[in-house]
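The values are calculated or read from the model by the stated rules, or taken from the named source; none is laboratory data. A quick note: this is a predicted structure, and the numbers were derived from the prediction, not measured. All Cβ positions, glycine included, derive from the backbone under ideal geometry; neighbour counts span all protein chains shown. These area figures cover heavy atoms from the full protein model, side chains too; ligands, DNA and RNA do not enter into them. Shrake-Rupley method; radii C 1.70, N 1.55, O 1.52, S 1.80 Å.
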Amino acid sequence: MHEFEIRLDSPFDLAYFERENSIAVTSGAGSKVIHIIDPNSRTIKRTIKVRDTQYGIALNKTVLVYCKLGKGIIEVQLNGESEKALVSFSMPHYSSVAVHGDNIYYTNKDNDSVTCYDIHGNLKWEFKDTQNLQYPQGISVDNNGNVFVVSRVTNSVLIITPDGKRCKTILSSTDGLSYPRAMHFEPTSNKLLVANENKIAFLFDVS
């Protein structure tokens, strides 16, 4: 059921902050801010100015982690008062990020890869399989550290082992995927939400 709608300038990704009951939304190629939305009042309660274009965003305990174009993976307080680079590199357009335990994962469409760093910015592994993984975008992680990633060009979802060495295609175009972009894994129910570019989304049981 449709509950409410807030118009934003070019929104790209979002993260839910349960303790404050807030939703952080990046503005992609639009205005250079992260919006903090209150779902109760259904309003934008504040914005965080970030100077550069931001894409994927995730929650790491009490702070936000996001992909800053050309800069790397950035950590920022929910109130926007402090910001620091966790990993500095030339971050490409349209990258997504996920956090699980002490690991950070991000997608790179320019070289068709998924990369894992620890929370201190040390590289742990990089996964590439250009036959199965092409234009990775949405990314999420389950309770066991398995990494789900959208492969936009191949219209599929892959699952990568926690060590980053192997992958398996678990969803494809036969499941209704057509240029999939965004994804979210719900750990309490083992449900995987996958959204196509054409505004159609699917909910899968991956238990």
For this session: Pick out the one residue from L192, L177, L158 that is in a loop (DSSP other than H, G, I, E, B), on the phi < 0 side of the Ramachandran plot, touching a residue at least 12 places away in the same chain (Cβ under 8 Å) and open to solvent by less than 10 Å² (accessible area, probe 1.4 Å).
Result: L177
For this session: Among the candidates L59, L64, single out the residue that is aliphatic (A, V, I, L, M) and in contact with a helix residue (DSSP H, G or I) (Cβ under 9 Å, 6 or more places away or on another chain).
Result: L59
Exercise. Just wondering, is there one or more residues in segment 3-26 that are open to solvent by less than 40 Å² (accessible area, probe 1.4 Å), part of a loop (DSSP other than H, G, I, E, B), closer than 30 Å to N111 by Cα and free of Cβ contacts under 8 Å to residues at least 40 places away in the same chain?
Worked result: no
For this session: For R166, work out the one condition from (1) surrounded by 14 or more Cβ atoms within 10 Å (Cβ to Cβ); (2) more than 16 Å from the chain's Cα centre (by Cα) it doesn't fulfil.
Result: (1)
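Taking the residues in segment 117-144 that are acidic (D, E) and in a loop (DSSP other than H, G, I, E, B) as candidates, determine which candidate is most open to solvent (accessible area, probe 1.4 Å). So that I can check it myself, show each step before the final result.
Quick first cut of segment 117-144, residues acidic (D, E) only: 118, 126, 129, 142.
Right, trim to in a loop (DSSP other than H, G, I, E, B) and you get 129, 142.
On the way: D129: 40, D142: 18 Å².
For segment 117-144, the residue satisfying everything is D129.
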